[in-house]
Structure formats: structure tokens, C-alpha cells
Amino acid sequence: MRILKTKIALAKAKKAQNEARKKSSFSPRPIHIDLSPSHSHSQSSPSPRNNSIRENRETKKRNRIPGFCMTPESSRAIKNIVKNFGRAICAFAVSELAKPYLMEFAEKEGVELKDFVEHVHNMKSKIDGLFHFRSLLLKEKGDEPRVIAYKNLFKEISEIFIKYFSVNWIFHSKVHYKQAHLKFRFKILRRIQKPELFTYLQSSKMNGKNKQK
């Protein structure tokens, strides 16, 4: 009986010894984390994939060539024609050249010439396109008699300028595209004569062709 107890005790001791050896061989190793500035910088730096996406976006941006305009020459030539004619007519209306014509027209309309000249002088800087110029010609409901007289007077002096003074103005002014201004002056005249139709200067493309009125 004593021998059996001894064997059991030896077996328990051997088992405990084996478990101790296993624990010592599989003990976890300490984990070292580098928190130095160089490591954190590498973690926050963009990945190669992000770099490639940024490069693709940058290459897709339209590169503009200095001194080169994408707008066609034909469009640029007529862009400011109405504004230029409108301001030139206003400048002519307040000049000494227009007085002989204006005196007759003002008497017919029953308005004071100096009041009309002041009105045109105030409106000159406001002409910035077709509809601003058109508003000085087109009579509308609700206009006072004085405003209607000013519009009639402005229409008369505009026709005088286009017929007899516009060519000299075109070639001696600082406007660009002089040939385009010369070409369109009679279109401007027709629209001055019928301001209710003055909604465009050149018609849009129709059926693949430019149809101009």
C-alpha cells in the first residue's frame, strides 16, 4: 500500500513539473510599439493609391494657355457691339454735333433740350448690353409723357448717328473688331427703328446653318 502511494505522489509531481515547463516555454513575448515622430508620420502619410487619385484629378484639369482664348473669334467680334453703339450714341447725343438735330426734335416733342441731355448723360454708363440699350428706345405701358418724349428723341438721334456719323466713329475710336462693327451697323439701325423686335443682334444656328437677319 505504501508503494502505491509513493507511485501516485511521484506521478503528481512529474505532472506538475511538465505543466510548469509548458508554461515557461509558451509565455507571451512583450510587444514593442514605436511611437516616435517618424513612425506617426508614416502612419498619417497618404497611401500610393491616394496619390494616384490626386494625380489623375490634377491631369484632368483644363490647362489654359496664356494669351489664348477658347471663345471663337466670331463670337468675340460681336460680343460688345450693342453696348459700344449704345454708349457711342449717348456720347453723340450730348455733344455739340448733335445740337442742331436735337433742337428741332426737342421742339417737336415739347421737351427742354437740357433736360434730355441730362437724362442721356445719366443713362450712358448704365448701358451694358442689348436690353439696357433697348430700354432707352422701347415705349412701355405706364411711361410718363416726359419719358415717352425722351425715348422718341433718343430714337431720332440714334438714327442720325448710325446713318451719318457711325462710320467715322468706328474707324477713329478705340473699339476692336472694326469690320464687325461696320458690318452690323445697319442691323443696329433696323432694330433702333423697331425696338419692339430688338431682342437679338444675330440669330442662333438653325438646321446647322447661320441664319442672320
Residue tally, condition under 17 Å from His132 (Cβ atoms) and not in a helix (DSSP H, G or I), over region 184-198: 1
Would you point out the residue of region 108-135, among those that are β-branched (Val, Ile, Thr) and assigned to a loop (DSSP other than H, G, I, E, B), that is farthest from the chain's Cα centre (by Cα)? Val111
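For every residue, the table says whether it meets (1) among the hydroxyl-bearing types (Ser, Thr, Tyr); (2) in a helix (DSSP H, G or I); (3) within 16 Å of Arg190 (Cα to Cα); (4) modelled with pLDDT under 95.
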{"residue": "Ser74", "(1), (2), (3), (4)": "yes, yes, no, yes"}
{"residue": "Asn84", "(1), (2), (3), (4)": "no, yes, no, yes"}
{"residue": "Leu137", "(1), (2), (3), (4)": "no, no, yes, yes"}
{"residue": "Tyr150", "(1), (2), (3), (4)": "yes, yes, no, no"}
{"residue": "Ser166", "(1), (2), (3), (4)": "yes, yes, yes, no"}
Just a yes or no: is a residue in region 178-198 on the phi > 0 side of the Ramachandran plot, at pLDDT below 90 and of a type outside the set (Asp, Glu)? no
Residue pairs meeting the criteria (Cβ under 7 Å; at least 6 apart or on separate chains; first over 20 Å from Arg76 (Cβ atoms) and among the charged types (D, E, K, R), in region 158-177; second part of a loop (DSSP other than H, G, I, E, B) and modelled with pLDDT of 95 or more): none
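The values are calculated or read from the model by the stated rules, or taken from the named source; none is laboratory data. Note that the coordinates shown come from a computational prediction; the quantities given were computed from them, not determined experimentally. Methodologically, a virtual Cβ is constructed for each residue, glycine included, from the backbone with ideal geometry; neighbour enumeration extends over all protein chains shown.
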